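For reference, the structure discussed in these notes is given below.
Any read-out appearing in this document is the output of simple, stated calculations on the displayed coordinates, not a laboratory observation. This one's a predicted model, so the numbers in the text were calculated from it and none came from an experiment. Glycine gets a Cβ as well: all are built from the backbone with ideal geometry, and neighbour counts include every protein chain shown.
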Amino acid sequence: MLVEVTIRGDAGVVDSGVVPDLGETDAGPTEDMFAPVDMFAPVDMFAPIDMFTPADMFVAADGGTPTDAGAPTDGGTSVDAFTPPRDAGPPPPEPTTASVRCWGAGQASPRRPSGSPEEALSLATWGTRCIVDGTGRVICWGPNESGQAGAPASEDAPPAALTLLPSARSVELSAGGAHTCAITEEGLYCWGAGDAGQLGDGRRNGGYRPVAVDLEDVSDVALGERHTCAIAAGELYCWGASDFGQAGAAEVDSPRRIRTGLGALVSVVAGRAHTCVLDDDGDVACLGDDSVGQLGQGAPGPSSSSAVDVDVPSVAILAAGANHTCAAEDGTVYCWGAGDQWQTGTSVPSEGVIQRIRTGADQLALGAAHSCALSGTQVRCWGSNDQEQLGGDASERSATPVRIGGLR
């Protein structure tokens, strides 16, 4: 049973409760800081990639005036401990651990990475890869020029556990930048590049050692290229670069509350330079860069440091790619923003217009140029397929959702 999907860049990842046979193919520094993890023997599928080559898998959502885009199209995907839908009743159950499957970046069929842990709680990928294993350890590897993999800066870091980090329940990577954050049992911690104050500790000094962010009751966190936003006690707080207004009125190096005009917030997502939030009534608002319609206002427009409402029906799920956003509810996915690779579900240029894709979605994950939806035990993706992020049998790109085989 699939429990989560995440997408970023050129590789896709999926958590599955049932481990498929690897023979199946797809259908459709200080040493006390981190300890090397032998179980992650490097494999070709984890070779460094351009973080924004349209092939990685993550999901994001947001709205505008819906236009019917027909059946689902192709997309990009990666797997992460999913962002839960808005809560309509009792507290959600404890997150489920599962095995990991990856595809994209030239790997057409979902496969379990060689030596990956038996259980994973959360996964984030965007060039650098990080995973929270079943015991709460954060393990990172890959591009590490700013220490974002939790090791002294280097071109590429081998898998290593961040042993000085408290037990974590989720981890997020920056959308094309070079910093990482994790929500732990003791609060929010960030590490990596800090030149714009994106680590949130009141300084602009980056580094591989996690620093605590002075923010309590953090329930969600999202990272852009050089900014970070979090939800704490139902409110939005942002810090870091804000050249497009993505972190509010001005660049700051510690959390600043941003008024959204919405109710109690339950989810936040971030692209390169835009931020979107979802409240407990299913309403969505966005701020930041709108050069390709990322704010869902029907057409590209000026950037905004104030949150603007997105005209979508009440939704339960929200996800963001580099320059597009998606949301979902009741068998329909709504996408807006950059669509040059059909990642918003239409082959017709329509930046800023909210597209409606008829496909179920329990979770969403968006990459730079593709989008993916998990519904039940099936994953469907649309958008670019130049790195086989839609599977080996798909065309160069697709505006309708393509089922990813080899998962169950």
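When each of Arg397, Arg101 is scored by the number of other beta-carbon atoms lying within 10 Å, the sequence from fewest to most is Arg397, Arg101. Taking amide H as placed 1.01 Å from N in the peptide plane, the amide H of Gly406 sits under 5 Å from that of Ala27, each at least 5 places away or on another chain. The H on the amide N of Arg101, modeled in the peptide plane, is under 5 Å from the matching H of Val14, Asp15, Ser16, each at least 5 residues off or on a different chain. Taking a sphere under 11 Å around the Cβ of Gly240 and counting the other residues whose Cβ falls inside, with K and R at +1 and D and E at -1, yields a net charge of -2. Taking other Cβ atoms within 10 Å as a rough exposure proxy, Thr275, Thr128, Thr400, Thr260 sort from fewest to most as Thr400, Thr260, Thr128, Thr275. With R₀ set to 25 Å, the beta-carbon distance separating Asp217 from Asp330 gives a calculated FRET efficiency near 0.25. Here's how it looks for Gly321: its modeled amide H is under 5 Å from those of Ala60, Cys326, which are all 5 or more places away or on a different chain. Working note: Karplus 6.51/-1.76/1.60 with θ = phi - 60° gives the range 271-284 the couplings x, 3, 9, 9, 9, 9, 10, 10, 9, 6, 9, x, 8, 10 Hz, where Gly and Pro are set to x.
From least to most packed, judged by other beta carbons within 10 angstrom and beginning with the fewest, Ser398, Ser350, Ser154 follow the order Ser154, Ser350, Ser398.
Between the range 320-351 and the range 134-201, what is the C-alpha centre distance in whole Å? Cα centroid to Cα centroid, the span is 29 Å. Packing here is the average count of other Cβ atoms within 10 Å per residue, and on that basis the peptides 197-209, 226-238, 355-367, highest first, run 355-367, 226-238, 197-209.
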